[in-house]
Each structure stands twice: as C-alpha cells, then as structure tokens.
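A short worksheet on the structure shown next.
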Amino acid sequence: VSDYNREMLALHLITNTALCLHHPLLDVVQAAVNGGISCIQLREKTLPTREFVALARELKKLLATIPRQIPLIINDRFDVALACGADGVHVGQEDIPVEIIRRWLPGAIVGLSVSSVADIKSVEANQLDIDYLGVGPVFSTPTKLDAAHPIGLDGLALIRSITRLPLVAIGGINSQNAAEVLAAGANGLAVVSAICAARDPEESARRLSTVIQTTVPHKFR
Ligand code: TZP
Ligand code: MG
C-alpha cells in the first residue's frame, strides 16, 4: 500500500475532455480543486500517447501550485504514469497487472476497478497490494458506454460486506445521490459528468465535497 492517506481518495474528479462542455479541461480541474476535490484521475481513452503525456505533465504542473497535496492518478496507462511522475495508476480487469505496477512504482496509489463480487473473487482483490477498489457503475450512466450492468446501492453494500479495502464508488453519482452511496459503504466517490459537464464545476465539486464532509463515514467491520 502506498504512502498516500485515505482522505485523498474521498472525491475523485475523473477527466473526460469530450465531456468538458463549458470550459477547457485545465479550467475544469482548477475549478474542481477550488471546490474541494481530493484527487484527479486522468482518463482519456482516445488521446494519442504524445498528447496524453503532454496533458499529464501540464496537470502535474498545475497541481504543484496547489498548497494541499492532490494526487494525480493515470487511468490504464502505466507508461504515461511513469513518464509524467504521476502519483498513481488505476487499472481495470484487462489492464496491466497490479504486481507489475508495484514493482516499478512501489509508493504509488494503485486502484483496481471491479463491477461485481465475482470480479473481486476472480482477481483475489483482497490479497492484492492495492489502495482502493473502484466500484461501479453504481447507477446507469451514459459516460461509459461499455460499462457493466449497474450494481445499485444493494450491489455496493454487498461488495462492502466482502472486503475491507477502501471502496471508491463510480457511475451516475452526483450531489443528490452521494449521501446514499456513502451510506451503502463507499469510502470515496468518483465522478466524471457531475463536474466535467457542469456549468459551474467549482460549485458542483463543492456540493459533493460538502456531502462527503457531513456524512458519517462508513465503519469498517
Ligand atoms: N466506470 C464505471 S462508470 C464510469 C466509469 C469510468 C463513468 C462514470 O461517469 P459519470 O459521468 O460520473 O457517471
Ligand atoms: Mg482500463
């Protein structure tokens, strides 16, 4: 497990350039930081590698100007994470194995996506050296077209009952439903459209952050 603390996993902004409807990505990130996000995951499925690296470096530079520490996590692309000195890598079931990430980035945050109890069992997630599980989609979402079937709050609670790993919930989460997602057992929330597509991303981040701060955290069993 990495040197980063759990509070840093509370509110992830997951980027999606195409969904930044009202502002350029870097402005969205700055606004979201001002609004209280704790972590950024750069998730760009179609950017050419060279642009991906350039964007990751720009983000790293922006985050270095912020007084509190906001980790930059790269989705999928371990090579991009190495190239930009990222704080972490988030991978899915089909991506590079976490043991390999750990070997090259021993202190990094490592997150793994799961969308069912079966996923957790099949990868023996409880035995893996990871910092959190990304769990979802909790609700149906147009943002990820190839997403698995939504697990709902019940599915999240079921996953909560079989692992002590921190759970970061994703999929259709916004400030309206955030409290019930936390109540079902999430330790953190990850959002794309709720912040990226917002007219006022700072306000949107602030509302989510307020819900997190005012909700009693789930007790590990
Ligand atoms: N993985 C599961 S759902 C999802 C990802 C990347 C997209 C979440 O996007 P949104 O807009 O917050 O529903
Ligand atoms: Mg992936």
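Residues in the range 21-42 that are in contact (Cβ under 8 Å) with a residue 24 or more places away in the chain, surrounded by fewer than 21 Cβ atoms within 10 Å (Cβ to Cβ) and in a loop (DSSP other than H, G, I, E, B): Leu21, His22, His23, Gly36. The numbered conditions (1) at pLDDT below 95; (2) within 21 Å of Leu182 (Cα to Cα); (3) away from ligand 2 (no atom under 13 Å from the Cβ) are all true for Pro142 except (2). Residues that are of a type in the set (D, E, K, R) and touching a residue at least 24 places away in the same chain (Cβ under 8 Å) within the range 59-90 comprise Lys60, Asp76, Arg77, Asp79, Asp87, listed in sequence order.
Can we say Leu63 is away from ligand 2 (no atom under 13 Å from the Cβ) and over 15 Å from the mean Cα position of the chain (by Cα)? Yes.
Hey, could you check the range 43-55 for residues that are part of a helix (DSSP H, G or I) and within 16 Å of ligand 2 (Cβ to nearest atom) and say which is surrounded by the most Cβ atoms within 10 Å (Cβ to Cβ)?
From the range 43-55, those part of a helix (DSSP H, G or I) are 49-55; that's our starting set.
Filter again for within 16 Å of ligand 2 (Cβ to nearest atom), leaving 49, 52.
Details: Thr49: 11, Phe52: 21.
Filtering first and then ranking leaves Phe52.
The values are calculated or read from the model by the stated rules, or taken from the named source; none is laboratory data. No experiment lies behind these values; they were computed from the predicted model shown. Methodologically, a virtual Cβ is constructed for each residue, glycine included, from the backbone with ideal geometry; neighbour enumeration extends over all protein chains shown.
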